[in-house]
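A.B. asks: Here you go, one structure.
Just so you know, all these numbers are worked out from the coordinates, no wet-lab data involved. It should be emphasised that the depicted structure is a prediction, and the values quoted were computed from it without experimental measurement. With ideal geometry, Cβ positions are generated from the backbone for all residues, glycine too; neighbour counts draw on all protein chains shown.
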Amino acid sequence: MTTSADIERPDTAPSLTTVAMVTLGCARNEVDSEELAGRLEAGGFRLVEDPSAAETVVVNTCGFVEAAKKDSVDTLLEASDLKTGGTTKAVVAVGCLAERYGKDLAETLPEADAVLGFDDYPDIAGKLRSILAGEQHHPHTPQDRRKLLPISPSERNADTVVVPGHTIAAPDLPAEATPNAGPRAIRRRLDGGPMAPLKLASGCDRRCAFCAIPSFRGSFVSRRPSDVLGEARWLGEQGVKELFLVSENSTSYGKDLGDLRLLETMLPELAAVDGVERVRVSYLQPAETRPGLVTAIAGTEGVAPYFDLSFQHASNAVLRRMRRFGDPDSFLGLLQQIRSQAPLAGVRSNVIVGFPGETEEDLQILCDFLEAARMDAIGVFGYSDEDGTEAASYDGKLDDDEIRERTEHVTRLAEELTAQRAEERIGERVDVLIESFDGAQAEGRAAHQGPEVDGSTTVTGLPAGARIGDLVAAVVTGSDGVDLVASATSDGGS
């Protein structure tokens with residue numbers, strides 16, 4: 001969970017209304033929160049870190065799976081408790097859960113003073129002021145946001161709808177809150193760390209049977225390269241050393257702009273941005289991962305050889321029912337292609353266990369694939385029905401105990417396999433982005449370790465003067481699960 005950083009402004013009047021952003025879910029949500037923070041600051045609000053010190057608490061919710069929904073509701077309830085005898089006067093829900101359920105969420109959760117959808121984001125400051133003034137906000141009736149844009153990607157214009165993280169700034173916004181070159185996105189950093197997510201695109205055109213995200217995030221729309229590069233330059237000026245490129249499907253970037261190879265051509269430009277040491281691409285669809293993109297990620301200087309591949313399963317029969325494509329041979333062939341160009345590349349994926357109709361044979365195919373794939377990180381999720389998805393209507397459902405048993409089995413296997421993969425890295429030279437210190441040692445991430453979910457590397461023997469944000473050369477000396485221990489060397493780093 002990310003909370004907003006307390007931004008001290010000597011010229012800020014004490015009468016400014018205070019607001020705290022609480023962010024749940026993925027890195028895409030973090031970008032959305034920083035857009036909202038930029039809008040709120042431009043609209044006269046003062047950002048504070050501690051929700052208990054804020055007049056308004058804005059909770060950016062996650063609506064992905066049942067556990068994430070529960071976490072979002074629990075966080076809203078905790079924030080609501082702050083209204084009893086404290087500074088907090090209003091608690092507002094935004095984000096995916098709010099967009100997905102709208103008025104239904106407002107009716108079932110009266111503790112939240114308002115539920116705001118994506119269409120409320122452009123006037124977020126005005127909305128919050130009216131809520132604080134006691135005006136009642138009428139939440140939206142959820143709709144399928146895929147219907148807001150044409151079916152044909154080439155006919156889409158993201159300027160005609162509200163797409164969080166894509167907004168172009170108004171000319172009168174403070175210069176320090178926006179990128180200073182080209183079309184400028186409203187953004188206020190809430191985390192001063194050396195890594196920052198950067199949106200490539202939003203939405204998804206795939207129709208995976210288990211996933212509801214396209215219905216509330218909408219059809220796939222790419223950001224213009226000038227917007228992405230302009231924001232990247234601004235982030236570099238803010239001290240960001242690693243750009244984490246995020247979207248629902250990065251392999252589709254550019255298809256609606258007339259050039260499916262835009263990501264390949266843009267990666268060298270992003271890596272060349274002043275101040276940026278490393279660029280990382282997230283969320284690749286295996287069936288769409290073309291050879292040119294593999295080469296660009298594996299071979300471009302300054303781009304992490306890191307492949308976040310959404311396999312979801314390995315059994316062709318299960319994948320077909322999921323409305324996806326692939327099998328063990330094609331997936332292993334893709335991994336061989338990657339490792340032939342970047343032998344030390346990092347690979348991660350998520351898999352779903354217990355999908356309707358999954359047999360014992362299907363489960364064994366998945367386990368055999370995981371053993372052969374030698375991935376660095378594997379997320380394992382037990383299947384659960386999601387409102388409005390095709391899979392929710394499928395027969396062949398497994399009972400909860402069976403899904404739990406299978407999930408635990410695959411999780412244990414994944415933990416064993418990823419620990420083995422980490423141990424294989426002992427002796428490798430790695431470049432670690434330093435993110436925190438604990439006495440004389442530091443913690444950070446090597447190129448094969450994505451933010452938050454892929455483990456970390458503890459570095460000892462640091463050079464004098466090492467700081468957060470440095471990219472330190474080190475040799476791996478040990479491992480603990482997916483985490484590594486490394487000793488700094490004197491042959492590189494920044």
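A.B. asks: Short version: ³J(HN,Hα) in whole Hz for each residue of region 472-485, in order, from phi by Karplus 6.51 cos²θ - 1.76 cosθ + 1.60 (θ = phi - 60°), x for Gly and Pro, what are they?
C.D. replies: Whole-Hz 3J(HN,Hα) from phi for region 472-485: 9, 6, 8, 10, 5, 10, x, 8, 9, x, 8, 7, 10, 10.
A.B. asks: Let me ask something additional. Lys and Arg at +1, Asp and Glu at -1: add these up for the other residues within a Cβ distance under 12 Å of residue 362 and post the number.
C.D. replies: Residues near residue 362 contribute -2 overall.
A.B. asks: Taking just the C-alpha trace of region 264-359, give me its Rg and Dmax in Å.
C.D. replies: 15.2, 52
A.B. asks: Rounded to the nearest 5, what % of DSSP beta bridges with both residues in the chain are antiparallel?
C.D. replies: Taking every DSSP beta bridge within the chain, about 40 percent pair in antiparallel fashion.
A.B. asks: A further question on this structure: Which whole-percent values make up P(r) of region 349-433 when all C-alpha to C-alpha distances are grouped in 10 Å steps starting at zero?
C.D. replies: Going from the shortest bin to the longest, the percentages are 16, 41, 26, 11, 5, 0.
A.B. asks: Semi-axes, largest first, in whole Å: what does sqrt of 5 times each Cα gyration tensor eigenvalue give for region 193-319?
C.D. replies: Rounded to whole Å, the semi-axes are 25, 16, 14.
A.B. asks: Just the Cα atoms of the chain: what Rg and Dmax do they give in Å?
C.D. replies: Just the Cα atoms of the chain yield Rg and Dmax of 22.5, 66 Å.
A.B. asks: 222 nm [θ] for the chain, helices only, -39500 (n - 2.57) per DSSP H run of 4+, per residue, to 500?
C.D. replies: -9500 deg cm²/dmol
A.B. asks: Another question, then. So how far, in whole Å, is the C-alpha centre of region 96-126 from the one of region 325-372?
C.D. replies: The distance from the Cα centre of region 96-126 to that of region 325-372 comes to 38 Å.
A.B. asks: Treating region 414-490 as a set of equal point scatterers at the Cα positions, no solvent, please give the Debye-formula log₁₀ I(q)/I(0) at q = 0.24 Å⁻¹.
C.D. replies: So the normalised log intensities work out to -1.06.
A.B. asks: Filter the GluC sites (Glu not before Pro) in region 229-323 to those in DSSP coil with at most 15 other Cβ atoms within 10 Å of their Cβ, and list the result.
C.D. replies: 301
A.B. asks: What is region 78-134 by shape, rounded, prolate or oblate, if you read a ≥ b ≥ c off the alpha carbon gyration tensor as root eigenvalues and call it rounded for a/c under 1.5, prolate for a/b larger than b/c, and oblate otherwise?
C.D. replies: Oblate is the answer for region 78-134, as a/c is 1.5 or above yet b/c matches or exceeds a/b.
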